[in-house]
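One structure is given below, encoded as structure tokens.
The values are calculated or read from the model by the stated rules, or taken from the named source; none is laboratory data. Keep in mind that this is a model prediction, so the values were computed, not measured. Here the Cβ is made from the backbone with ideal geometry for all residues, glycine too, and neighbour counts use every protein chain on show.
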Amino acid sequence: MAEQAQGKKAGPKKFALVTRHAPHGTVYALEALEVVLIAATFDQDVSLVFLDDGVYALAKGQKTTGIEVKNFSPTFRALDDYDVNKLYVERESLQARGITADSLLVPVEVLDAKQIGELIAQQDVVLSF
Amino acid sequence: MLHIINKSPFESSSLESCLRVAQPGAAVILIEDGVYAATTAAAQARLHAASGRLRVYALAPDIEARGMQERIATGVELVDFAGFVDLVTSHNTVQSWL
């Protein structure tokens, strides 16, 4: 980290945003979405990683009018327009919740825990949500 | 790769998920309420299976603040704040789990 702060590494950094919280109950999932858009605006190499309850953020059919909060889930469909197309979902988290990848809002790559670990270890910066 | 855990394993699944994805050879440091995972009873159920493939550290000032200094499991290496900083600077990637 220190050598990067001193500018030895040029160009975009590899960012992973790891979200482990369900939407709406807390602000984490929405914040992850905000930060991914900011990082993409600055042409960084962004990966979004969904672990644990984070996978619920990608569920289709979210209707939030009854709880009077913004439904940010359609924004995931817009990520491709920002050239954010590295979305990774952990297989174990999906299976534990009875969710299949083809039922999610957007196309994702399903990785097992070991592969997720490898992906995260390759990053310059990891942000948790 | 360094993983930082700051929640009790009895309150949060962050340690469990971290241990699931952490690569062999990675380091985990337990800080704040995360240090409860380093106590023998908690470590028996959670850390022991991982201790062979990971390096496990805990922040001594947080352990002492919680009166857990006599209860720490073997295999957990205690560090002070300076040691914590050394761990952060000596790893290329750091993940603070929430």
Considering only segment B:63-97, state which residues are hydrophobic (A, V, I, L, M, F, W, C) and surrounded by 13 or more Cβ atoms within 10 Å (Cβ to Cβ).
B:I63, B:M68, B:I72, B:A73, B:V76, B:L78, B:V79, B:F84, B:L87, B:V88, B:V94, B:W97
So, in segment B:1-26, of the ones that are in contact with a Gly (Cβ under 9 Å, 6 or more places away or on another chain), under 20 Å from B:D62 (Cβ atoms) and crowded, with 22+ Cβ neighbours inside 10 Å, which residue ends up nearest to the other protein chains (Cβ to nearest Cβ)?
B:S14
Being facing chain B (nearest Cβ under 7 Å) and in a helix (DSSP H, G or I) is the filter; apply it to segment A:106-126 and report the residue that is surrounded by the fewest Cβ atoms within 10 Å (Cβ to Cβ).
A:E118
Within segment A:76-94, identify whether any single residue is more than 17 Å from A:S47 (Cβ to Cβ) and within 13 Å of chain B (Cβ to nearest Cβ), and answer yes or no.
yes
Condition broken by B:D80, with the remaining ones in (1) more than 30 Å from A:Q115 (Cβ to Cβ); (2) modelled with pLDDT of 95 or more; (3) within 11 Å of the chain's Cα centre (by Cα) satisfied:
(3)
If we keep only residues of segment A:6-32 that are at pLDDT below 90 and of a type in the set (K, R), then the residue nearest to A:E90 (Cα to Cα) is A:K9
Working only within segment A:33-53, note down all residues that are at pLDDT 95 or above and within 14 Å of chain B (Cβ to nearest Cβ).
A:V35, A:D45, A:S47, A:V49, A:F50, A:L51, A:D52
Which pairs have Cβ atoms under 6 Å, sit 6 or more apart or on different chains, and link a residue in segment A:48-59 that is in contact (Cβ under 8 Å) with a residue 24 or more places away in the chain to one that is assigned to a helix (DSSP H, G or I)?
A:L48/A:V36; A:L51/A:S93; A:L51/B:S17; A:D52/A:S93; A:D52/B:S17; A:V55/A:S93; A:V55/A:L94; A:A57/A:A29
